[in-house]
Each structure stands twice: as structure tokens, then as C-alpha cells.
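A quick write-up on the structure given underneath.
The values are calculated or read from the model by the stated rules, or taken from the named source; none is laboratory data. The structure presented is a predicted model; accordingly, all values stated were derived computationally and were not measured. FYI the Cβ positions are ideal-geometry reconstructions off the backbone, even for glycines, and counts take in every protein chain you see. Just so you know, the surface numbers come from the protein's heavy atoms only, side chains and all, with ligands and any DNA or RNA stripped out. Shrake-Rupley method; radii C 1.70, N 1.55, O 1.52, S 1.80 Å.
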Amino acid sequence: PAAAMRLLELARSHPKDPVAYESLVWILQNTELGPAGLKPYAEAIELLATQHVANADNARLLEELAQSPILASERLLAALAEKHPSILVRGRAGYHHGRFLKNYCSTVELIRVNPKMAKSIEDFIGSELTTQLKETDTAKMLAKADAVFTRVQKEYPLIAHKKMNLSQAIERELFELRNLWPGKTAPDIEGESNEGKKIKLSGERGKVVVLFFWGTWCPHCMNMIPHTRALQKRYEGQPFTILGVNSDADRDKLKLASAKHGIAFPSFFDGGNSEGPIATRWNIQGWPTIYVIDPAGVIRYRHVREEVLDRVVEELVKEATGKR
């Protein structure tokens, strides 16, 4: 933070010099978060948004800003989407502005259900920012994200983004926003299991469902397999099931791995090495991904693991069996 304040003063003293821009970018990328780092970070954002918004190098900041837990970051993304001279940067900044709003709400969602994560985040960014996160009106922010995505999809549909264009990328984001948030009824999934049997997500209505996006290629997924076995054993005979969506490309290798590791829950065989049709539709961007769905088919929790997963499953099974 001390270095950040010195660089902030340097940027103020020489606003037209290239060193001003690089100093402000350094603050964004290196400032410690929390009480000491918030002031220089927020001031650097404001200077970039007002005095350096046209800089061609701003494109390199978009992905980082979209992942930021600091609300001030939205200021720069919105300014770039509105004022940058390049149509490519404006379109991509608008897309990342929507992603920032969505990601911010995802963080809020997690800290509200996971006290341990809330404490870790508070240690990282400080109590002021953590309080700001907890008090977020997520419904309002998600509606704003929807509006931002919709505008960008209309104005910049054909701008390239990774292996697709912005219209395609935003279609996935909008599907998630509108259908896959806690409180929404989970869209049905139909397909074949890794054993070749026809299965449906809606076929598990009446049970608490842990929907587990996984692959044998993913070490974090495989580390969860003992936990899934423990859950299956604990709730045997009760209204509970685990249903996987598997992303392995080779069904035969998947069967061998399932036998070796004692994987007993059924899975949709999605193929595609993480880009199968189900994972694509559900906008899965990290593996594993977990949804917890109640007996009525309503998504109740996302991205929960370990003791938090145990706690929410226990609560929902008790709710389902009337054993409160």
C-alpha cells in the first residue's frame, strides 16, 4: 500500500506521461487488498476511467477486472464499454462488465452460506469490503447484469471471444442468469448415462439431488469421490441422490475408472472434455461444479463443497422428511 500511494502521487503529478498509466495499472495488479489497499485501488480506478480510458492497452485489464471482488472495478469497465475508441474493446468491456456483476453476486452467494469462506475473504479484503459484499442487493445487481449482457449482445454480436463470438458467449451467460440461480427451477436434463441408459434430471423429483459436474481428468473432481461415497452411504434409503454430468471423452476409459475408484452414482455422459452440450448449456466454467436441488426441483445452492455441502444436504433431507 505504501508503494501504491507513491505511484498514485506519481500518476497525479505526471498525468500525460506514459508512466502515469503504468503506475495506475501496477496499483490495480499489485496493491494489497483490505483497508490499506482500498483507497489507492479505488483512486487508481477513477483516474484510469477519467484520464486514461482511451489507452489501447486497457484491453489487457478486462479479464482481471471481471474477477475483482472490489465494487469500484465496475467503474472502469463501464467507462471502457462506453468511451473506448475501439469497437472491439467497447464490446468486450461490456461483456466483462456483465461478467463482473454476475461474479460479484456469486461471491455474495457463497459468503452468505459459507462462514469459513466469509472469514477468508474478510482476511483478504478487509471488513469494510466484506460488509459491502454481504449487504449487496443481488436481485438488483443481477437484473443490471441481464440488461448489460442484453445490450452488448444486440450492439456487438459478432466480436470474437475465445472460440465463439460475443453473442454466443452472452447466450450462455443469460441462460445461467435466468435459469440456474438459487430459487430457479432447474432446467431438465435428458441423456444417456455412462452405462448407456436413458436418464432424466426430472426423474429424481421428490429427492434432494446433488448435481455433480465432473471428469476423471479433473484431480479436484476425483478428490471429491470419497465424499460422494460417504454421502451416498449416509443417506441410503432416504430421499437423496447424487447425479453426475461426466465430461470424459472416452466412455470405455470412464467405465474402467469408475470401477477402479468405486464410483457408484449414475452420470450423464456428456463427453467433450469439458465442452459437452450439457456443460455448455449450463455455462460450466470450473470443474467440479455442484448444484444442490430440492425435492421440488428448485436450485437451492451452488458451488458448495465439504462441510458446507454436508450441512445443506442434511438440512434439505430433514426438510424433505419432515424431521426438523
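Hey, what do the phi angles of region 90-96 turn into as Karplus ³J(HN,Hα) couplings, whole Hz, using 6.51/-1.76/1.60 and θ = phi - 60°, x for Gly and Pro?
Along region 90-96, the couplings run 4, x, 5, 5, x, 4, 6 Hz.
Any idea which of Leu80, Trp217, Val245 is furthest toward the positive side of the dipole for the chain, if Lys and Arg beta-carbons carry +1 and Asp and Glu beta-carbons -1?
Checking the options against the dipole of the chain, the answer is Val245.
Only four residue types carry charge here, +1 at the Cβ of Lys and Arg and -1 at the Cβ of Asp and Glu. Report the dipole size of region 211-322 about the Cα centre in Debye, rounded to the nearest 20.
Values: 13 positive and 13 negative charges, 32 e Å.
For region 211-322, the charge dipole is close to 160 debye.
Looking only at Cβ-Cβ distances, which cysteines of the chain have no other cysteine closer than 4.7 Å?
Cys105
Determine the share of the chain's accessible area contributed by carbon and sulfur atoms, expressed in whole percent, with a 1.4 angstrom probe.
Here it works out to 52 percent.
Under the rule a/c < 1.5 gives rounded, and otherwise a/b versus b/c splits prolate from oblate, where does region 199-324 land using the Cα gyration tensor?
Details: a/c = 1.83, a/b = 1.54, b/c = 1.18.
Note, shape of region 199-324 comes out prolate.
I'd like to check one number: the per residue accessible area of region 41-158, probe 1.4 Å, reported in Å² as a whole number.
With the other protein chains kept in place, region 41-158 gives 45 Å² per residue.
So, for region 198-307, what is the accessible surface per residue at a probe of 1.4 Å, expressed in square angstrom?
45 Å²
Please compute the modelled spin-label separation between Ala259 and Lys134, points set 7 Å along Cα→Cβ, answer in nm with one decimal.
Output for this residue pair reads 5.2 nm.
What do you get for Rg/Rh over region 83-127 if you use C-alpha atoms and the Kirkwood form of Rh?
1.23
Give me the mean projected area, in nm² to one decimal, of the convex hull enclosing the Cα positions of the chain.
Averaged projected area of the chain's Cα convex hull equals 17.8 nm².
For the pair Ala296/Leu10, report the inter-label distance in nm, with labels modelled 7 Å from Cα in the Cβ direction.
5.8 nm
Please label the shape of region 143-209 as rounded, prolate or oblate, based on the square roots a ≥ b ≥ c of the eigenvalues of the alpha-carbon gyration tensor (a/c under 1.5 means rounded; beyond that, a/b larger than b/c means prolate, else oblate).
oblate
Of Thr280, Gly203, Ile70, whose Cα points farthest to the positive end of the dipole of the chain (charges on the beta-carbon: +1 Lys, Arg; -1 Asp, Glu; origin at the Cα centre)?
Value computed over the given set: Gly203.
Rounded to the nearest 500 deg cm²/dmol, what is the calculated helix-only ellipticity per residue at 222 nm for the chain, with -39500 (n - 2.57) per DSSP H run of length n ≥ 4? Let's see the in-between values first.
On the way: 15 runs with 183 residues, N = 324.
Rounded to the nearest 500, it is -17500 deg cm²/dmol.
State the dimensionless ratio Rg/Rh of region 68-154 (Rg: radius of gyration of Cα atoms; Rh: Kirkwood radius).
1.04
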